[in-house]
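Right, one structure below, let's go through it.
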Amino acid sequence: MQEFFEFGIGTRVLYKHGLAHELGSVIEELGAQRPFIIADKGVVGAGLIEPILTGINAHSEVAGIFDAVPANSSVSVVMECAAAASAAAADLIIAIGGGSPLDTAKAVRIILTFGGHLLDYQGYNVIPDRLIPMIAIPTTSGTGSEVTPYAVIRDEEQDLKLSFASRYLLPDVAILDPLLTRTLPPMLTAATGIDALSHAIETFVSTENSPFSDGLALTAINLIGTHLRTAVQQGENMEARSQMLIAACMAGMACANSYFGVIHAMAHAVGGKFHAHHGTAISICMPHGMRFNSEVEPERYLRIAQALGVSREGRSDAEVIAAGIAAVAALAHDCGLPSRLRDIGVPEDALPDLAATAAIDGAIFHNPREASEDEVLALLQAAW
Ligand SMILES: [Fe+2]
């Protein structure tokens, strides 16, 4: 067992069907007068912003809305959004959507609070002090960004995903309202759900795991294994939607304290270069990263397999571990996700560059097994 670990949950989590309608009281508690909304066109188009506006208007007026966040948000989008929020004299940021609007909002708060350029704050613990408050309202069950101290923003100049990490990035409040996830299309439900699964799995084997993150991660793995197929195949099933929203948040809490690994390092490289959906890239890379790591963490991979419902009866440990990895691949397949990098437009000759990028990605430093550039390349080749 570890000699030292750290665990904290800095975000207040509120859960209820229809909770978005009751935002007014939350805003009041935060003492804000000029809430500024950050979303994307999909959220607005699906009508998800209406209950939020109703909830806000019960207390105060909306200072402004920025709904032009793209799927993989970028440095220039953050700077543009921060300028709009500043011009509106915002004193609270409300982010609604998937990982991209939530991460954008976190980064916007840095500029809104301290000024300057986003690139000045890249890295770990660079942000000097507390930020303007934020309410995070996820409409996907995936990133867990509503409870993590991270933001990932694409640098369009370098075609790279930049990581920002600081406890000050944690949203003040997370609103979990499963009704907001009901209309999420099957492919997005699948990709974001598999991303949440990867957070739990990578956290569980990370060098920074702790008994606290273990509990959250194993429960999340079990919930996702049990409910993701139903959420994808029967979007109106609110039991599955609710369990997935809770599972993604639990996985986010786990990885907020215990970080990621080689699977995210590879997916960041693929997403940065080829703009693939993060969850889709994760889904393709996950079985290969799991196989690589299972060789050094067999006990933990046995527990992952059991959390996924794999029986140990009549099987050797190696067979149980292999069955656990196969269960993840089967889940992604059943949810309609592609299984190879070539399926999402990655050419084979791009793999060495992707391996070089992934080998120095921040996520890889907490992987349980050291991964050289050549080893990452071999994993990418297997995934191609
Ligand atoms: Fe992720």
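Bear in mind these aren't lab numbers, they're just calculated from the coordinates by the rules spelled out. These figures come from a predicted structure and were not determined experimentally. Cβ coordinates were reconstructed from backbone atoms using ideal geometry, including for glycine residues, and neighbour counts include every protein chain displayed.
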Sort 281-292, 30-41, 194-205 for me by packing, meaning the mean count of neighbouring Cβ atoms within 10 Å per residue, highest on top.
194-205, 281-292, 30-41
Viscosity 0.692 mPa s, temperature 37 °C: Stokes-Einstein D of region 110-176 from its Kirkwood Cα radius, in µm² per second?
256 µm²/s
Need one word for region 1-134: rounded, prolate or oblate. Basis is the Cα gyration tensor (sqrt eigenvalues a ≥ b ≥ c); a/c below 1.5 gives rounded, then a/b vs b/c decides.
oblate
Per DSSP, the loop-located trypsin sites (Lys or Arg not before Pro) within region 45-150 having at most 14 other beta carbons within 10 Å are ARG130
Using just the helices of the chain, give the 222 nm mean residue ellipticity in deg cm²/dmol: DSSP H runs with n ≥ 4 each add -39,500 (n - 2.57), and the total is spread over all residues, rounded to 500.
-16000 deg cm²/dmol
Charge dipole (debye, nearest 20) of the chain; +1 at Cβ of Lys and Arg, -1 at Cβ of Asp and Glu
680 debye
Pick from SER258, SER76, SER206 the residue whose mean-square fluctuation is largest in a GNM of the chain, springs joining Cα atoms under 10 Å.
SER76
Projecting the Cα atoms of ALA200, THR189, ILE221 onto the charge dipole of region 186-383, where Lys and Arg contribute +1 and Asp and Glu -1 at Cβ, the residue farthest towards the positive end is THR189
If you take the alpha carbon radius of gyration of the chain and divide it by 2.2 N^0.38 Å, what ratio comes out, to two decimals?
0.94
Cβ-based net charge around LEU179, under 15 Å, with every Lys or Arg adding one and every Asp or Glu removing one
-2
Name the residue from PRO287, LEU341, THR54 whose Cα lies farthest towards the positive end of the charge dipole of the chain, charges +1 on Cβ of Lys and Arg and -1 on Cβ of Asp and Glu.
THR54
For region 74-133 versus region 213-271, the gap between their alpha-carbon centres in whole angstrom:
25 Å
Residue-wise, which Karplus ³J(HN,Hα) couplings in Hz belong to region 315-330, taking 6.51 cos²θ - 1.76 cosθ + 1.60, θ = phi - 60°, and x for glycine or proline?
10, 6, 4, 4, 5, 5, 4, 4, 5, x, 5, 5, 5, 5, 4, 5
Cross-link partners among lysines for LYS273, C-alpha distance below 21 Å, same-chain residues fewer than 8 apart left out?
LYS161
